[in-house]
Amino acid sequence: GALIGIFVEESIDEIASRYPQTLTRRFREIESERLRLQVLDWLDLEKQRAPFRIFEKEQKHEVIAGGIRVQLKIDRVDELPDGRQVIIDYKTGEVKSGQWFGERPDEPQLPLYSMAVRGNIAGVTFGQVKAGGMGFNGVAEEDGLAPGVKSYESLKQTRDSNSWLEVLDNWRATMERLGKAFHAGEASVDPKNSLTCTFCELKPLCRINES
């Protein structure tokens, strides 16, 4: 507990130097306690996992998708006793599995990360760090890699796949296709769903009514 407190204070000190007027003494006290409790909750969740070691943290990676070079910084990669790797991307908001599947995924990080990491990947997951909603949300080769992470065979979007390798290959194909379209300058009027137009900031320039 004391060690967590030290790291929390160091993190707050780093931010406070940039925003001294916001991080008053009382605000710091509240934020310190909030962060300390969140870290403890997260560590309790990690204790439920099968054995692993942290392989790398916040390392930069590069991936080329359809001719587009993408620079990535992956929050964390864990290594299992058998040498396979689990990719973790921290999130402070809520995530849903449907967001990283489909022809035009809303959250393409996990597919891109699976392409960037060169090791034998066992699973890719978001680590949801949220008060009242701590948890992992992702997909893996088999059940049991982390609490809440389903195997590809039991996840709705991938249960019809013939293998875990096919899931990763399908992700790669989707990212390659999107990269090629972007590289070719394709900009057809093709909103993904009704919400796309609702929150669009370019309505005066859009040609959707013409089509």
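The values are calculated or read from the model by the stated rules, or taken from the named source; none is laboratory data. For clarity, every value in this text was computed on a predicted model and none was experimentally measured. For neighbour counting, all protein chains shown are included, and Cβ atoms are generated from backbone atoms with ideal geometry for every residue, glycine included. Quick note on the areas: whole protein, heavy atoms, side chains included, nothing else; ligands and nucleic acids left out. Shrake-Rupley method; radii C 1.70, N 1.55, O 1.52, S 1.80 Å.
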How big is the accessible area of I54 in square angstrom, nearest 10, if you roll a 1.4 angstrom probe over the protein chains? 80 Å²
Report Rg(Cα)/(2.2 N^0.38 Å) for the stretch 2-108, keeping two decimals. 1.38
Per residue, in Å², the accessible surface of the chain once ligands and nucleic acids are set aside, probe 1.4 Å: 63 Å²
Once you put a point 7 Å from the Cα of S163 and another 7 Å from the Cα of L23, both along the Cβ direction, what distance in nm separates them? 5.0 nm
Compute the FRET efficiency between I6 and R118 as 1/(1 + (r/R0)^6), taking r as their Cβ-Cβ distance and R0 = 41 Å, and round to the nearest 0.05. 0.75
Can you bin the chain into rounded, prolate or oblate? Criterion: square roots of the alpha carbon gyration tensor eigenvalues sorted a ≥ b ≥ c, rounded for a/c under 1.5, prolate for a/b above b/c, oblate for the rest. oblate
Using DSSP to define loop residues, name the trypsin sites (Lys or Arg not before Pro) in the stretch 43-90 whose beta-carbon has at most 10 other beta-carbon atoms within 10 Å. K47
Quarter of the Cα convex hull surface for the stretch 62-184, i.e. its orientation-mean projected area (nm²): 7.4 nm²
Express the carbon and sulfur contribution to the solvent-accessible surface of the chain as a percent, rounded to the nearest whole number, probe 1.4 angstrom. 52 percent
Of the GluC sites (Glu not before Pro) in the stretch 113-154, those whose Cβ has at most 12 other Cβ within 10 Å and which sit in DSSP loop: none
Expressed in nanometres to one decimal, the distance between label points 7 Å along Cα→Cβ at D13 and I30 is 2.4 nm
In whole Hz, the Karplus estimates of ³J(HN,Hα) for the stretch 51-65 (6.51, -1.76, 1.60; θ = phi - 60°; x where Gly or Pro) are x, 7, 9, 6, 7, 7, 9, 6, 8, 7, 9, 10, 9, 10, 10
I want the local charge near L178. Using Cβ-Cβ distances under 9 Å, sum +1 for each Lys or Arg and -1 for each Asp or Glu among the other residues. +1
Express in Å², to the nearest 10, the accessible area of S151 obtained by rolling a 1.4 Å probe over the protein heavy atoms while all chains stay in place. 10 Å²
Give me the accessible area of E33, 1.4 Å probe, in Å² rounded to the nearest 10. 80 Å²
Between beta-carbons, use under 9 Å as the cut-off and find the net charge around E58, counting Lys and Arg +1, Asp and Glu -1. +2
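With charges set only on the Cβ (+1 for Lys and Arg, -1 for Asp and Glu), what does the dipole of the chain come to about its Cα centre, in debye to the nearest 20?
Here the chain has a charge dipole of around 400 debye.
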At R0 = 25 Å, how high is the FRET efficiency between E62 and N170 if r is their beta carbon distance? Nearest 0.05 is fine. 0.70
antiparallel share of DSSP beta bridges within the chain, to nearest 5, in %, is 70 percent
Packing rank of 175-183, 9-17, where each peptide gets the mean count of other beta carbons within 10 Å, highest leading: 175-183, 9-17
Listed residue (I88, F7, V124) projecting farthest to the positive dipole end of the chain, Cβ model: F7
